[in-house]
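See below for the structure under consideration.
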Amino acid sequence: MIVYEIENLCKTYQGQTQPANKNISLQIYQGEIFGILGDNGAGKSTLVRQMANLLKSDFGNITFFQQNITEARDLVQMNVGYMPQESGALNNLTVSEALYFTAHLRGMSRQDARKECEALLDTWQIGYLRHQPSSRLSGGQRRLLRLAVAIAGSPPVLILDEPTNDLDPQRRKLVWDILRRLNTEKGTTIILITHDAIEAEKAIQRVGIMVSGELVAVGRPSELKAKIDRILRLELFFSPENPPTLPSDLNYHFLEPGHWQVLLQWQQVTSTLNHLNLEQIDDFRLYSATLEDLYLHYATKP
C-alpha cells in the first residue's frame, strides 16, 4: 500500500528567489525504511515538514493513505510521529511528562500512557533523566527524547530529521537498532533524513537523493549503484602541505586536510595510480561504490 503519494511539490520561501524544492514527485510504501540524502540547503527538511503537514506548499499535492493531507489534518497528526531537528515545544516539560502527554494525546488511556512512558524511558536508556526539564538536557539527550516522543503511542509512520546527529557511536547504534526493530516487528514505515550515508546504508531499503531542491534519483541503493557500478572510490592520504597532483580530467572531493576522495571509472584506475607521485602519498585505498559515493555522483553531476 502507498503511504505517501507526492505529486509535483513546490515551495519557495518568502524573500527567496530560488525554490526550496521544486517538482518533487515520490511514492513511499507501507513498511519500508526510506532515506533522504542531500547537503544542507538541498530541501530535505522542507520536504518532510510538508509531509508532516507543518508547511504549506505553493503547488503540488500530498496524499496520506489516499487522503489529501490538507483535508484530513487529524489523520496525519494521529498517525505520524515527526521528529524535527530542533523543538522548543518540550522545553517546559520534564522528560517523563513529554512522553506521557504525547502518548495520551495520541489516544492512549492515562494508565496505558504511563506504561508507555516507562517503556520508552527503558528502551531509549533515559530513565535517569525522567525528572529533568527538557531544556536542561544536552544535545544528544534532547535528540533521544525527541526520538522517544516521535515513537510514543506507536504511530504507524515516523518522519525523522537527522535522528543520529549529536550522538556518540554507542547511542547511534542504539538508534539504528531500535528503528530496525520497529520496522521489522511492527511494520512501522520510517522516513528519515540523514547526512551519514554509510550508517544509513545498513538500514534503509530505498533512498531519495536531493540536490538543490530537486529529487535527482530514487530507488534501492543496489539498483542505483548498479547504474554507476563502474565507479570506484580512491582515497588519498598525504601531508596537507604537499598535496598530490591528479590527472587533469579528475576532480577530488575534500574530506579533511590531507585526505581526498576521487571517483574513478575502472579504466582510469591504472593511469591514475601511475600518474601519482608516491613520494607525495602517505597511503591510498581503493573501494567499490558505496551509498556515499552514489550521493556524491549525483550531487556533483553537471
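The values are calculated or read from the model by the stated rules, or taken from the named source; none is laboratory data. What you are looking at is a predicted structure, and each value in this text was computed from that prediction instead of being measured. Glycine also receives a Cβ, built like all others from the backbone with ideal geometry; neighbour counts cover every protein chain displayed.
Conditions (1) in a strand (DSSP E or B); (2) among the hydroxyl-bearing types (Ser, Thr, Tyr); (3) surrounded by fewer than 16 Cβ atoms within 10 Å (Cβ to Cβ); (4) at pLDDT below 90, marked per residue:
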residue: VAL218; (1), (2), (3), (4): yes, no, no, no
residue: LYS225; (1), (2), (3), (4): no, no, no, yes
residue: ASP229; (1), (2), (3), (4): no, no, yes, yes
residue: SER248; (1), (2), (3), (4): no, yes, yes, yes
residue: VAL262; (1), (2), (3), (4): yes, no, no, no
residue: GLU279; (1), (2), (3), (4): no, no, yes, yes
residue: LEU286; (1), (2), (3), (4): yes, no, yes, yes
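For (1) under 20 Å from ILE159 (Cβ atoms); (2) surrounded by fewer than 19 Cβ atoms within 10 Å (Cβ to Cβ), each residue gets a yes or a no:
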{"position": "VAL3", "(1), (2)": "yes, no"}
{"position": "GLN16", "(1), (2)": "no, yes"}
{"position": "SER25", "(1), (2)": "yes, yes"}
{"position": "ILE28", "(1), (2)": "yes, no"}
{"position": "GLU32", "(1), (2)": "yes, yes"}
{"position": "SER45", "(1), (2)": "yes, no"}
{"position": "GLN50", "(1), (2)": "yes, no"}
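Scanning the range 182-222 for residues that are out of contact with any strand residue (DSSP E or B) (no Cβ under 9 Å at 6 or more places or on another chain) and more than 14 Å from ASP39 (Cβ to Cβ) yields THR184, GLU185, LYS186, GLY187, ILE198, GLU199, LYS202, SER222.
Being crowded, with 19+ Cβ neighbours inside 10 Å and among the polar types (S, T, N, Q) is the filter here, so list the residues in the range 145-175 that pass it. Within the range 145-175, just THR164 meets the criteria.
Residues that are aromatic (Phe, Trp, Tyr) and either buried (at least 19 other Cβ atoms within 10 Å of the Cβ) or touching a residue at least 60 places away in the same chain (Cβ under 8 Å) (or both) within the range 87-135 comprise TYR100, TRP124, listed in sequence order.
Answer yes if at least one residue in the range 146-153 is without any contact (Cβ under 8 Å) to a residue 40 or more places away in the chain and out of contact with any helix residue (DSSP H, G or I) (no Cβ under 6 Å at 6 or more places or on another chain), and no otherwise. Scanning the range 146-153, I find no residue that is without any contact (Cβ under 8 Å) to a residue 40 or more places away in the chain and out of contact with any helix residue (DSSP H, G or I) (no Cβ under 6 Å at 6 or more places or on another chain), so the answer is no. From the list ARG181, ARG142, the one residue that fits, being in a helix (DSSP H, G or I), over 14 Å from the mean Cα position of the chain (by Cα) and surrounded by 18 or more Cβ atoms within 10 Å (Cβ to Cβ), is ARG142.
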